[in-house]
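One structure below.
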Amino acid sequence: MTDVAKPKTQLEARLSELNKRLHSIEDELDAHQSKDWEELAVEREEDEVLEHLGNAGLVEIEAINLALKRIEEGVYGICLSCGEDISEGRLALLPATGVCAPCAQKAGIALLMEEIEKRPDDRHILQEELREKIAEMRAMGLPVPEDILRLEEQLEQDEADDLFNNMPI
């Protein structure tokens with residue numbers, strides 16, 4: 001069982017910091033009321049940046065609240081995806097995380113696969129990113145799941161087929 005006192009304190013401190021930051025962002029957004037068109041254009045650009053920061057803060061707040069809920073429920077440190085323990089090192093770096101490193105890598109690979117389907121013209125670039133993710137798993141000493149190994153084999157076969165089909169005759 002993971003000792004939750006330290007991560008709980010870290011999460012609560014970060015939550016407080018984010019809430020203060022979001023309030024200052026809201027105040028800044030409300031303060032922009034320039035009558036000058038040029039100044040208004042610059043303010044609107046700044047507002048877009050502030051809104052992006054605010055949205056990122058809201059996402060992080062949600063992750064922290066979920067982590068605090070897992071602490072209260074006594075399931076903090078257990079991967080939401082596979083049910084295995086999340087490593088102490090990962091929790092120290094990412095106290096709000098709800099997934100272990102292998103599951104996070106698999107999720108990243110799944111997102112890349114979706115991108116490959118959505119953007120077939122960028123397939124080769126995305127496949128290279130996919131290979132890099134698989135190499136990262138190996139470099140981190142993580143087990144590469146069977147379905148990912150099959151995917152890697154398929155990518156190699158597709159690449160060989162593309163090479164053969166594009167050979168000059």
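The values are calculated or read from the model by the stated rules, or taken from the named source; none is laboratory data. All of these numbers come straight from a predicted model, not from anything done at the bench. Cβ coordinates were reconstructed from backbone atoms using ideal geometry, including for glycine residues, and neighbour counts include every protein chain displayed.
Of the helices (runs of 4 or more DSSP H) lying entirely inside the stretch 61-169, those carrying at least 2 residues that are under 15 Å from the mean Cα position of the chain (by Cα) and closer than 25 Å to K8 by Cα are 88-93, 101-118.
Please verify whether the stretch 25-44 includes one or more residues that are crowded, with 16+ Cβ neighbours inside 10 Å, modelled with pLDDT of 90 or more and in a helix (DSSP H, G or I). Give the derivation first.
So the first thing to find is which residues in the stretch 25-44 are crowded, with 16+ Cβ neighbours inside 10 Å, and the list is 25, 43.
Narrowing the set further to residues that are modelled with pLDDT of 90 or more leaves none.
Within the stretch 25-44, none of the residues are crowded, with 16+ Cβ neighbours inside 10 Å, modelled with pLDDT of 90 or more and in a helix (DSSP H, G or I).
The set of residues from the stretch 3-24 being exposed (fewer than 15 other Cβ atoms within 10 Å of the Cβ) and either among the small types (G, A, S) or closer than 20 Å to G74 by Cβ (or both) comprises D3, A5, K6, T9, E12, A13, S16, S24. Against the list (1) on the phi < 0 side of the Ramachandran plot; (2) in the same structural domain as L18 (by TED's automatic domain parsing); (3) modelled with pLDDT of 80 or more, the condition A110 fails is (2).
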